[in-house]
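Novice: I am attaching a structure below and will ask some questions about it afterwards.
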């Protein structure tokens with residue numbers, strides 16, 4: 001399919017949208033990207049990228065700019081609530097031949113993707129309407145203007161406006177989980193991914209280099225606290241090392257309610273969804289960015305090789321659904337494991353936990 005002549009609009013300049021713009025440019029297309037937020041709205045906290053995310057970044061030609069950022073993580077240590085060992089996962093062995101796991105500031109990753117997207121990103125531009133014709137989509141913007149495109153890509157996250165406007169699904173479904181994220185400096189020295197598992201809650205710390213830790217915590221619930229730092233201190237007051245010292249060093253905390261997106265279809269006419277807009281899960285497996293990268297690569301590949309847009313979108317969805325469904329199912333599996341009473345769960349994890357947790361990524365080790 002002729003890349004340069006296809007008029008493509010990508011809605012959303014987060015990880016999914018910028019990765020899609022990069023992949024399409026590499027395939028010969030020239031997409032336009034719009035983002036409702038201002039350019040000054042830089043993402044906070046950190047991000048942990050498993051090995052399949054590293055492989056996808058290499059396919060996007062971005063392994064070199066990402067390599068100096070953050071810190072490579074080679075092992076996961078799982079501890080019980082009191083800080084006693086449960087099991088370990090050898091990340092080097094798990095992702096051998098695929099890519100290195102890495103933790104880095106989310107803002108650093110965003111800057112790399114923004115540069116790679118090619119510069120045609122229009123901030124403070126929201127989409128208010130989609131008129132789906134047989135061969136084109138007429139898009140209405142919030143400044144009152146409109147334009148016609150041959151393809152619209154909804155990369156606007158869990159609360160996707162494109163998903164709603166194209167009648168591809170309703171609101172994301174809450175899963176009964178509250179998540180907390182923070183970047184800590186001056187905390188304890190931690191050299192590997194370290195997670196403490198409680199009942200209906202957990203706390204993870206990952207080194208990002210330069211004395212920084214990316215901290216992620218969650219609890220079962222539906223109510224976002226007014227004071228997330230105070231809630232963290234309360235929730236993890238009886239957790240063992242290194243949690244108390246980390247909480248003492250925390251300054252600011254991002255908090256959000258987690259939800260899922262599970263759809264019967266990802267496209268309608270010339271509108272298609274990628275990333276969290278199509279298949280969001282809770283962050284338990286740290287696969288959000290990896291799945292968005294893979295979506296971008298496969299969508300660009302199908303558009304480049306198909307004779308028409310409709311065939312490309314059908315092929316894209318058929319190739320991507322098995323992996324995203326695997327991530328959703330394994331995410332739910334891991335969350336059920338966390339919520340088993342410690343008296344039953346912890347002996348199991350001490351015996352087979354490393355194999356159980358590594359199995360959650362088995363399908364993702366294979367190429368997309």
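The values are calculated or read from the model by the stated rules, or taken from the named source; none is laboratory data. Worth saying up front: this structure is predicted, and the values here are computed from it rather than measured. Neighbour counts are summed over all protein chains in view; Cβ atoms, including those assigned to glycine, are modelled from backbone coordinates with ideal geometry.
So that you can scan it fast, the table gives a plain yes or no per residue for (1) within 23 Å of residue 177 (Cβ to Cβ); (2) surrounded by fewer than 21 Cβ atoms within 10 Å (Cβ to Cβ):
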residue	(1), (2)
213	yes, no
225	yes, yes
270	no, no
300	no, no
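Novice: Which of the residues belonging to the range 81-110 are without any contact (Cβ under 8 Å) to a residue 12 or more places away in the chain and either at positive phi or surrounded by 15 or more Cβ atoms within 10 Å (Cβ to Cβ) (or both)?
Specialist: 97
Novice: Can you name the number of the only condition in (1) part of a helix (DSSP H, G or I); (2) surrounded by fewer than 17 Cβ atoms within 10 Å (Cβ to Cβ) that residue 316 fails?
Specialist: Condition not satisfied by residue 316: (2).
Novice: Still on this model: When the range 117-146 is examined, which residues are found to be in contact with a helix residue (DSSP H, G or I) (Cβ under 6 Å, 6 or more places away or on another chain) and surrounded by fewer than 18 Cβ atoms within 10 Å (Cβ to Cβ)?
Specialist: 118
Novice: Restricting attention to the range 338-352, which residues are assigned to a helix (DSSP H, G or I) and surrounded by fewer than 17 Cβ atoms within 10 Å (Cβ to Cβ)?
Specialist: If the condition is that a residue be assigned to a helix (DSSP H, G or I) and surrounded by fewer than 17 Cβ atoms within 10 Å (Cβ to Cβ), then 342, 343, 344, 347, 348, 350, 351, 352 are the ones that fit.
Novice: Would you check if residue 220 is free of Cβ contacts under 8 Å to residues at least 12 places away in the same chain, surrounded by fewer than 16 Cβ atoms within 10 Å (Cβ to Cβ) and over 15 Å from residue 153 (Cα atoms)?
Specialist: Here the answer is no, as residue 220 does not meet what is asked.
Novice: Any residue in the range 145-168 that's without any contact (Cβ under 8 Å) to a residue 24 or more places away in the chain: show its pairings with residues that are in a loop (DSSP other than H, G, I, E, B) at Cβ separation under 7 Å, as long as the two are six or more apart or on different chains.
Specialist: Between residues of the range 145-168 that are without any contact (Cβ under 8 Å) to a residue 24 or more places away in the chain and residues that are in a loop (DSSP other than H, G, I, E, B), the close pairs are 159/172.
Novice: Please find, among 181, 159, 199, the residue that is surrounded by fewer than 18 Cβ atoms within 10 Å (Cβ to Cβ) and under 17 Å from the mean Cα position of the chain (by Cα).
Specialist: Working: 181 fails: surrounded by fewer than 18 Cβ atoms within 10 Å (Cβ to Cβ); 199 fails: under 17 Å from the mean Cα position of the chain (by Cα).
Every option except 159 fails the conditions.
Novice: Please pick out the residue among 78, 29 that is crowded, with 19+ Cβ neighbours inside 10 Å, assigned to a loop (DSSP other than H, G, I, E, B), at negative phi and modelled with pLDDT of 95 or more.
Specialist: 29 is the lone residue from the list that is crowded, with 19+ Cβ neighbours inside 10 Å, assigned to a loop (DSSP other than H, G, I, E, B), at negative phi and modelled with pLDDT of 95 or more.
Novice: May I ask you to verify whether residue 319 is in contact with a helix residue (DSSP H, G or I) (Cβ under 7 Å, 6 or more places away or on another chain) and touching a residue at least 40 places away in the same chain (Cβ under 8 Å)?
Specialist: yes
Novice: When only residues in the range 93-116 that are touching a helix residue (DSSP H, G or I) at 6+ places or on another chain (Cβ under 8 Å) and assigned to a loop (DSSP other than H, G, I, E, B) count, which is farthest from residue 65 (Cα to Cα)?
Specialist: 95
Novice: Go through (1) exposed (fewer than 14 other Cβ atoms within 10 Å of the Cβ); (2) modelled with pLDDT of 95 or more; (3) within 20 Å of residue 8 (Cβ to Cβ) and name the single condition residue 149 misses.
Specialist: Here residue 149 clears every test but (1).
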